[in-house]
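The values are calculated or read from the model by the stated rules, or taken from the named source; none is laboratory data. Since the model is a prediction, treat every value here as computed from it, not as a measurement. Note: ideal-geometry Cβ built from the backbone for every residue, glycine included; neighbour counts use all protein chains shown. Only protein heavy atoms, including side chains, enter the accessible area calculation; ligands, DNA and RNA are left aside. Shrake-Rupley method; radii C 1.70, N 1.55, O 1.52, S 1.80 Å.
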Amino acid sequence: MKVHETRSHAHMSSDEQKKGNLRKHKAEGKLPEAEQSPKKAKSEKESVNGAGDEYKEFCKAVEENLSVDQIKEVLETNGQDCSAPEETLLAQCQDLLFYGALDKCPLCGGNLICDNEKRFVCGGEISEWCSCVFSTKSPPRKEEPIKLPDSVLNSAISDLIKKHQDPKTRPKRELSSDKPFTGMMISLMGRLTRTHQYWKNKIEKCGGKVSNSVKGVTCLVVSPAERERGGSSKLVEAMEQGLPVVSEAWLIDSIEKQEAQPLEAYDVVSDLSVEGKGIPWDKQDPSEEAIESLAAELKMFGKRGVYKDTKLEESGGKIFEKDGLLYNCAFSLCDLGKGRNEYCIMQLVTVPESNLNMYFKRGKVGDDPNAEERLEEWEDEEEAIKEFARLFEEITGNEFEPWEREKKIQKKPHKFFPIDMDDGIDVRSGALGLRQLGVASAHCKLDSFVANFVKVLCGQEIYKYAFMELGLDPPDLPMGMLTDIHLKRCEEVLLEFVDKLKTTKETGQKAEAMWADFSSRWFSLMHSTRPMRLHDFNELADHAASAFETVRDINTASRLIGDMRGDTLDDPLSDRYTKLGCKISVVDKESEDYRMIVKYLETTYEPVKVSDVEYSATVVNVFAVESKAIPSLDDIKKLPNKVLLWCGSRSSNLLRHIYKGFLPAVCSLPVPGYMFGRAIVCSDAAAEAARYGFTAVDRPEGFLVLAVASLGEEVKEFTTPPADTKTLEEKKVGVKGLGRKKTDESEHFMWRDDIKVPCGRLVPSEHKDSPLEYNEYAVYDPKQTSIRFLVEVKYEEKGTEIVDVEPE
């Protein structure tokens, strides 16, 4: 077996080696002293019924008279955790002997420990997915005498310890909050958003001090512009000393949260490391992370994708396959209780005229420079297979073959869970890149406008943007090429949690634990750059339900688009258009239909607001759609109570809608878009649909869908979320949710004889307390909807004049 170094530090300069060592320390979780997150001085504000000085003397006596073995014996006898380092065990023992034994965690039954004199936390697990999130400054204690082993009873301080045996006479320990910068010395440099004097006053009010030099300081706060200018000698000196150099945001966030935030999360110079940008994606400004995400190349396109960092694909490398098994696995671990978000890759790769290669990579998501990585060459195939299976079991706690053949697996605490990749190509890899799109459209036999539309659907850009916007964009795993089994598992986890929310009565920390557990499960299955602890229905809709629907639809796009990376001269756009099984045509701008659609949009549109900027929308083109997967206009006209309505959709979801028709919402939530259960939801206001079509200020193009929906003979109206959506789903009745704004009914008209177009000025309705801003319509059977038009729109900042320059 030969081991190949995938990253070499052999030729580093002394400065580079110093930075390399710092990265090594960070990866091992053992930072040099100057690199550590800020430690506050121990609080002297503990509410202990006047026992502060007495406790200090007591701690000193225990430290001087009890051995490590005696300390462990005391903790074990009283049912406390003994796995921590010796200095931590000493503090636990001192706390126990003076204040009484800590009781079990009220959330999970785990052991409580004191975390850096700030709070008591639990070291247990809520479930196999998530560590416990319990936290308190006043922990529960056992109302019983402390159990003392003979070795302690016979010690020199036995009488002192016995004084605290009676639970009724023990003082109560409650940790109080310090000011965020207590015990810190902070240095300021460069032009910040506020003056140095302003920050000096703020820092001193928050318990810290300001130094003009960097000697002995906790950190140096600088303007990001300083590093672009090369910085001053002060910055160089701080870097040479290994001091944290952080942005002004660290001061702002620490003051706002009343607790010093981790310095490494605000670092502004670690991207000067040898191996490119070293700031983890989740620690970057979102706009900077977005740029890196969009520029990043997907490193593994699917189950047969050789990971790019191996460089083995360049030599003809392919994933090793034997007895129907592909030896390529990807794993995810998100434990929000411990703040962990990691990934792992394992592959066996065959290379012509070479031995079998095993690639292993494990690291924190978005922190590539610090990942553990190795490439090994194996002469014995059977031994390599055994090692692969052993690693799989070490990583997941499960056997490899039952997983790979039958998808049998049980999540184990603190272990990774497989991301079940499918045998295909993620659209971010298989679709056309920007350079290929021009050539492909130039050789396309389709109408030029239709070719440009298909080009959008078959380009990587809209799918990369969608994943980036959802935070599901780590380049290491192919989230656009997942098996149906994996997507079904995600859906089941979501639906199970939604049902749980409907019946739970949990509040406070028990409710937080429930949300943390679900969030950890969700972001382990939906591998994310920025996992978060979801807290409410709106976040659940945005970051789970809507995200799932988008990932599901992009996976459909990946399968239809396939691999377009080959020769673009064979007209791949016409080929994919044929596979769509539809007819798309441009609507003449002089036609009645085009004028009707423009009027409908302009009348029912209100500007999309982003921060303080408003964006208007103008029609660029309108495409008529006929698809084999969608009821025709003749079919839909046979149904009663038909209305032409707007449907919002990300561009990344359009291909699936055209290819297979609309799917109902994945779940029922008391928020717009989901409040009527598993329904297809539309609106009579273009303003509502535009919220979904608008993606980002730097991507002004989008699409709105116009569909005919048959509401049926019976239409139920709601101003609040219905308590029972399952009955609505089963009966498949039409639903109208009444919003705070409605279209003026006096302006409505009919189209194609009997299809109502609710086009009218938006006016206030009588339903001022409705959770909906605009009216929503819901149907439960996809056969009751027919996509008729795709409206290409351009979003423009209001107040700016756009000048179109005619091509020469």
Original post:
If we only count helices (runs of 4 or more DSSP H) wholly inside the stretch 531-601, which ones have 1 or more residues that are free of Cβ contacts under 8 Å to residues at least 24 places away in the same chain?
Top reply: 537-540, 572-580
Original post:
Any idea how many residues of the stretch 61-100 are in contact with a helix residue (DSSP H, G or I) (Cβ under 8 Å, 6 or more places away or on another chain) and assigned to a loop (DSSP other than H, G, I, E, B)?
Top reply: 6
Original post:
Residue check: is LEU348 closer than 20 Å to GLU382 by Cβ, assigned to a strand (DSSP E or B) and either out of contact with any helix residue (DSSP H, G or I) (no Cβ under 9 Å at 6 or more places or on another chain) or open to solvent by less than 10 Å² (accessible area, probe 1.4 Å) (or both)?
Top reply: yes
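Tell me, please, whether a residue that is among the hydroxyl-bearing types (Ser, Thr, Tyr), over 24 Å from LYS72 (Cα atoms) and surrounded by 14 or more Cβ atoms within 10 Å (Cβ to Cβ) can be found in the stretch 178-194.
Yes, there is a match, as at least one residue in the stretch 178-194 is among the hydroxyl-bearing types (Ser, Thr, Tyr), over 24 Å from LYS72 (Cα atoms) and surrounded by 14 or more Cβ atoms within 10 Å (Cβ to Cβ).
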Subject >> Residue ranges of strands (runs of 3 or more DSSP E) in the stretch 681-756 with at least 1 members at pLDDT 95 or above, touching a Lys or Arg at 6+ places or on another chain (Cβ under 7 Å) and of a type in the set (Gly, Ala, Ser) >> reply: 701-710
**OP:** Determine, yes or no, whether ILE597 is more than 28 Å from the chain's Cα centre (by Cα) and more than 14 Å from LEU704 (Cβ to Cβ).
**Re:** no
Original post:
If only one of ASP588, ASP635 is over 40 Å from the mean Cα position of the chain (by Cα), closer than 20 Å to LYS783 by Cβ and open to solvent by 50 Å² or more (accessible area, probe 1.4 Å), which one is it?
Top reply: ASP635
**OP:** Please specify each residue of the stretch 303-325 satisfying the condition of being within 29 Å of the chain's Cα centre (by Cα) and surrounded by fewer than 18 Cβ atoms within 10 Å (Cβ to Cβ).
**Re:** ARG304, LYS308, LYS311
**OP:** May I ask you to list pairs of residues, at least six apart or on different chains, whose Cβ atoms are under 9 Å apart, with the first in the stretch 240-262 being at negative phi and assigned to a strand (DSSP E or B) and the second being among the hydrophobic types (A, V, I, L, M, F, W, C) and open to solvent by 30 Å² or more (accessible area, probe 1.4 Å)?
**Re:** VAL245/MET239
**OP:** Output the residues belonging to the stretch 101-156 that are acidic (Asp, Glu) and part of a loop (DSSP other than H, G, I, E, B).
**Re:** ASP103, GLU117, GLU128, GLU143, GLU144
**OP:** Could you check VAL498 against (1) farther than 18 Å from SER651 by Cβ; (2) of a type in the set (A, V, I, L, M, F, W, C); (3) part of a loop (DSSP other than H, G, I, E, B) and say which number it fails?
**Re:** (3)
Original post:
more than 28 Å from SER528 (Cβ to Cβ), assigned to a helix (DSSP H, G or I) and at pLDDT 80 or above - does that describe any residue in the stretch 209-226?
Top reply: no
Original post:
Within the stretch 515-530, can you find the residues that are part of a helix (DSSP H, G or I) and either in contact with a Pro (Cβ under 9 Å, 6 or more places away or on another chain) or free of Cβ contacts under 8 Å to residues at least 24 places away in the same chain (or both)?
Top reply: TRP515, SER519, SER520, TRP522, PHE523, SER524
Subject >> Out of SER247, SER232, sole residue that is open to solvent by less than 70 Å² (accessible area, probe 1.4 Å), at pLDDT 85 or above, among the polar types (S, T, N, Q) and over 13 Å from PHE181 (Cα atoms) >> reply: SER247
